[in-house]
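Here the structure is laid out as structure tokens; the discussion comes afterwards.
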Amino acid sequence: MKKIFFMIFYFFSPFILILSLWFTNSNQYSNPLILTSMIMGSLAYTWISLQFVLSARPKFIEVPFGMDKIYRFHGIMAVVSILGAIVHAIINEEVIGESIITTIGSAALVIFVLISLLTMLSMTPSFILRYPPFKWLKKTIEAWKKFTYEQLRFIHNFTVVAYVILNIHVLLTPNARNNAFITSVYIFYLVVSLSFYLYHKFLKPAYLQKNKYLVKDVIKENDDVWTIRMQPTNKKLKTHIPGQFAFFSFKGEKQRFLEHPFSISSSPDDDLSITVKELGDFTKTIGQLKVDDFVLVEGPFGVFSYVNHPQEQETVFIVGGIGITPVMSMVKHMSIHDPNRKVLLIWGMNTIADQVAKDMMTEIVARMKNLTIIPVISKDSTFDGEKGYINQEMIKKLTEKVQIDQSVTGYYICGPSILMDNCIDALLKMEISHKRIHFEKFAL
Ligand SMILES: Cc1cc2nc3c(=O)[nH]c(=O)nc-3n(C[C@H](O)[C@H](O)[C@H](O)COP(=O)(O)OP(=O)(O)OC[C@H]3O[C@@H](n4cnc5c(N)ncnc54)[C@H](O)[C@@H]3O)c2cc1C
């Protein structure tokens, strides 16, 4: 219900502006070109304003949808809004000609276009990268300058500058100057959007400082994976459900204080832990954290949890590599709260040495007699067990072997994009309803 309400509100919100403009100046809009320009401009303005609400991750939107869907929607709506703004700008150029007002609007548009393009090429796993011209553009930019994720995030913040310029543009238009109601609609959007932005960037971190965590253990799991256990100094983070993630900002000697998303690998019954694979600038320093280094934790977020699906009686986890982390939390939780549950964990790894949390898993297996863990090894032909990449045939064989009842089972997938895409495809081909296929992408 909340979802439908939000979608209706979101998609119909530009009508406040469209109708206000129409009723204050309907003669002007008898020209279809001017009408189209006004509608496109209103859509673009309203949806760009709402982008700042989405990216502030408010709970009232995150809880019903989940963070990954919100970020994907944020990306799609950025493109849609910019296309609307481009149509608006082209028509205005034709019909009204160039003026200081259109120049200011174009300046905002150029900044939005450049930042969005850079974001889609280098920051997110965007669909445009499937097309050769965009692949080429990405390569060309990277040959010129390889931006770190942190630099890209810093550049992304300039959208707020573009948004302020956009507001100067709309407030200077004759429609706004001659009509107090139109001006107040623009001011309302400006105040709401900037409030969400400022809350997200400044107020929230200040609040999190009060409830910081301290590092209590830094455990080496294998060559490049670490588990960090933390305890709160004051109040505990709102209790997570197993499978959720949070944003962590570590203040250690070697770490730049910047938030990174990690799944919580501990059960809600235990101290908060994350399990991290060394992949880039920040994660390569994770093992150098010291006991009592402090951590800000924002969350929990996400909907990837068997707890959200009480109608499912059995569970199949399909994971690849470090994608095991949310599953660690879920199986630990099951071992305490539902130890008789039938569970199959198909765990793809390069070599068996990549396995993490061996002691914990051994302990859980001892407690859950209906839990079967099958490692699938892709880069060691001498391994005595399942070898290769997880595919439809393997999932079918293993689920049949363990006598999983497809009609009451939830399927949870987490790992590299290629594994997730192939396994979702395989499950759909096995006629498993998409409602029972759940996944978490380690990319926002
Ligand atoms: C929901 C979610 C859960 C995750 N859970 C885990 C986990 O349990 N264990 C684990 O090892 N990894 C997890 N990750 C991935 C982890 O966030 C990245 O590996 C880490 O942030 C990389 O940072 P880096 O500076 O070391 O690497 P970089 O080389 O700077 O980044 C590598 C990639 O990681 C992503 N990334 C980097 N920084 C950020 C950031 N601040 N915010 C968002 N994405 C970023 C980007 O896609 C980037 O291209 C998760 C990611 C998400 C989105």
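Be a star and scan the stretch 96-131 for residues whose amide nitrogen sits under 13 Å from the point 7 Å along the Cα-to-Cβ vector of ASN31.
Inside the label zone: 96-98.
Just want the ordering: ASP68, ASP425, ASP359, ASP224, from fewest to most Cβ atoms lying within 10 Å of their own Cβ.
ASP359, ASP425, ASP224, ASP68
Could you give each residue of the stretch 68-75 its phi-based ³J(HN,Hα) in whole Hz, using Karplus coefficients 6.51, -1.76, 1.60 with θ = phi - 60°, and x for Gly or Pro?
So the Karplus estimates, Gly and Pro as x, are 5, 5, 5, 5, 5, 4, 4, x Hz.
Quick one: which residues, 5+ away or cross-chain, put their amide H under 5 Å from the amide H of VAL303? H built at 1.01 Å from N.
MET67
Using only the alpha carbons of the stretch 257-392, what is the convex hull's orientation-averaged projected area in square nanometres?
The number I arrive at for the stretch 257-392 is 9.9 nm².
For the pairs LYS238/LYS284; LYS220/LYS290; LYS216/LYS238; LYS220/LYS284, flag any whose C-alpha to C-alpha distance is greater than 21 Å.
LYS238/LYS284
Among the listed pairs LYS139/LYS277; LYS332/LYS441; LYS3/LYS435; LYS145/LYS441, which have their C-alpha atoms separated by more than 19 angstrom in this model?
Long pairs (Cα-Cα over 19 Å): LYS139/LYS277; LYS332/LYS441; LYS145/LYS441.
Mind listing the long-range amide H neighbours of GLU221? Cut-off is under 5 Å, sequence gap 5 or more, other chains count too, H placed in the peptide plane at 1.01 Å from N.
Hits under the 5 Å cutoff: TRP226, THR227.
If amide hydrogens are placed 1.01 Å from N in the peptide plane, which non-local residues have theirs closer than 5 Å to the one on SER266?
Placed amide hydrogens put SER273 under 5 Å from SER266.
Which one of LYS342, LYS212, LYS369 has the biggest mean-square fluctuation once the chain is modelled by GNM with Cα springs under 10 Å?
The residue that fluctuates most here is LYS369.
Suppose each label sits 7 Å from its Cα in the direction of the beta carbon; what would the GLU393-LEU428 distance come out to in nanometres?
Once both label points are built, they end up 2.2 nm from each other.
What FRET efficiency, computed as 1/(1 + (r/R0)^6) with R0 = 56 Å and r the Cβ-Cβ distance, is obtained for PHE188 and THR351, rounded to the nearest 0.05?
The pair PHE188/THR351 has a calculated efficiency of 0.45.
Roughly what would the spin-label model give for LYS212 and ALA366, points 7 Å off Cα along C-beta, in nm?
3.8
Using θ = phi - 60° and the Karplus relation 6.51 cos²θ - 1.76 cosθ + 1.60, list the HN-Hα couplings for the stretch 30-36 in order, rounded to whole Hz, with x at every Gly or Pro.
Once rounded to whole Hz, the list reads 5, 7, x, 5, 5, 4, 4.
At what distance in nm do the modelled label points of LYS59 and LYS284 sit from each other, each positioned 7 Å from its Cα along Cα→Cβ?
For the pair LYS59/LYS284, the computed spacing is 3.8 nm.
Taking the chain as the reference, fit the longest principal axis to its C-alpha atoms, fit the long axis of helix 358-367 to the helix C-alpha atoms, and give the angle between the two in degrees, 0 to 90, nearest 10.
70
Please compute the length gained on full extension between ASP223 and VAL160, using 0.36 nm multiplied by the number of residues separating them and subtracting their Cα-Cα distance.
So the extension gain works out to 18.6 nm.
Starting from 0.36 nm per residue, how many nanometres of slack lie between THR233 and VAL79 once their C-alpha separation is accounted for?
In short, 51.2 nm is gained.
What list of ³J(HN,Hα) values in whole Hz, one per residue of the stretch 80-85 in order, does the Karplus curve 6.51 cos²θ - 1.76 cosθ + 1.60 (θ = phi - 60°) give from phi, with Gly and Pro shown as x?
4, 5, 5, 4, x, 5
Can you order the peptides 121-130, 257-266, 404-413 by their average number of other Cβ atoms within 10 Å per residue, highest first?
Final packing ranking: 257-266, 404-413, 121-130.
In deg cm²/dmol and to the nearest 500, what is the mean residue ellipticity at 222 nm of the chain if only DSSP H runs of at least 4 residues count, each as -39500 (n - 2.57), divided by the residue total?
-15000 deg cm²/dmol
Beyond 43 Å, what share of the Cα-Cα pairs of the chain remains, rounded to the nearest whole percent?
The calculated P(r) of the chain puts 23 percent of pairs beyond 43 Å.
Determine the dipole magnitude for the stretch 211-301: charges of +1 sit on the beta-carbon of Lys and Arg, -1 on that of Asp and Glu, nothing else is charged, the reference point is the Cα centre, and the result goes in debye to the nearest 20.
300
Coordinate-derived values only; no laboratory data. Nothing here was measured: the structure is a model prediction, and the numbers come from that model. Cβ atoms come from the backbone with ideal geometry, glycine included; neighbour counts cover every protein chain shown.
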